[in-house]
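Below is one structure; the comments refer to it alone.
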Amino acid sequence: MKKIHLGVIGTGLAWERLHYPALKELQDKYEIVALANRTRQDAEVFARKINLDQKNVYDDYNELLKRNDIDAVDILVPIDQNYKVSEDVANSGRDFICEKPLAPDMNQAAKYLELARNKKLKILIAENYRYSDENNIIKQLVNEGRIGNIVYFIKNNAACFPCDMSNDTYAGTEWRQHPNFPGGAFLDAALHDLASFRYIFGEIECVQAFGKPQIQDFSPYMSINCNIQFKNEVIGQYTYFPSGMETQKPLIGFRIFGSKGQIYLEDKKSGIISITYNDGKSDTISFTPERGYYNELLNFYNALNGTENIQVTPEVEYGDVKTVFRLLDSVKSRLVSYMDESGQNEYFEYLPVPDGNEAFLQ
């Protein structure tokens, strides 16, 4: 099959630590022919690492798009730039991958959906949780009825964003510490979990959420506690706590309760999914952590060569983003928010912070 000549827009952490390692495994399927980054020097450094001639490096991605030897583009830019860069790439007539979320607000998300429908291009939104081995296994277990009818689930995601702000991590990036899009880390990170729930359990009917305000810019809330009702009557509780940590072991993790037993995933890096049954029996299933990036890039390659469909289209990702903003609407209004309700209210304000609500700091 044809080898894909790839142009890359954005050579930051997501490129270097997520997409490029997967592409190295897929070097028989992809060839990197050009890099663009707002800070040209960073792209030049990476070009030297992969022995790419400096003439193929740009600080203006529009110059990259003028080339005639690029089959597809990989977009890895800050969230608030996703729609604009995607629009420019689409106007160049090229298929492309764009990192999640597809837009920073529902207005741009709707424009993205219209763009995708009008251009008729192959577009993959890189929501790696929909491609990860563990979520594929869990989805299969649920569909097979291994623990009977699903009654409910719980998931707790606790991470100390403030602890990592001074480190060489995603939390160390300026645009994540001081986001200019609503929801901050909830849109950037909790989106992954919400996408996985929709992938495993199906479409959501309604949500309700409460948030504990905080003063830090990276997230308007110290924690957000969510109730989710799916159209198939599965219900679940999800807590996103980016301002602290979970100190008890084992972690609460992701637990799915069925009429015949329970599925338990402590952490996405644990490598083990546990299944326990009401009769006292138990099973474990091993998985390889962090395979979502490889799987999504393989899916994109196969789609461009006509052997399979893209799994995470803009239409799919639109639903994930809409879930985020429905939850933020609910936090703000303290009302149940229905997914199919017309008239999305965009969330732009940060709520006043009561005295004493400081994020956890090591």
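Right, ASN299: outside the structural domain of LEU141 (by TED's automatic domain parsing), polar (S, T, N, Q) and crowded, with 19+ Cβ neighbours inside 10 Å or not?
Yes; evaluated as a whole, the condition is true for this residue.
Please find, among GLY184, GLY202, the residue that is at positive phi and surrounded by 17 or more Cβ atoms within 10 Å (Cβ to Cβ).
One residue alone meets the criteria, GLY184.
For segment 199-252, name all the residues that are of a type in the set (Gly, Ala, Ser) and farther than 20 Å from GLY148 by Cβ.
ALA209, GLY211, SER219, SER223, SER243, GLY244 - these are the residues of segment 199-252 that are of a type in the set (Gly, Ala, Ser) and farther than 20 Å from GLY148 by Cβ.
Scan segment 141-174 for residues that are among the acidic types (Asp, Glu) and either surrounded by 14 or more Cβ atoms within 10 Å (Cβ to Cβ) or in the same structural domain as ALA14 (by TED's automatic domain parsing) (or both) and report the count.
1
Would you list the helices (runs of 4 or more DSSP H) that sit entirely within segment 2-108 and hold 2 or more residues that are surrounded by 20 or more Cβ atoms within 10 Å (Cβ to Cβ), charged (D, E, K, R) and without any contact (Cβ under 8 Å) to a residue 24 or more places away in the chain?
No helices (runs of 4 or more DSSP H) qualify here.
Give the residues of segment 142-157 that are assigned to a helix (DSSP H, G or I) and either touching a His at 6+ places or on another chain (Cβ under 6 Å) or among the aliphatic types (A, V, I, L, M) (or both), sorted by residue number.
Scanning segment 142-157 gives a single hit, VAL142.
The values are calculated or read from the model by the stated rules, or taken from the named source; none is laboratory data. These numbers come from a predicted model, not from an experiment. As a convention, Cβ positions derive from the backbone with ideal geometry for all residues, glycine included, and neighbour counts pool all protein chains shown.
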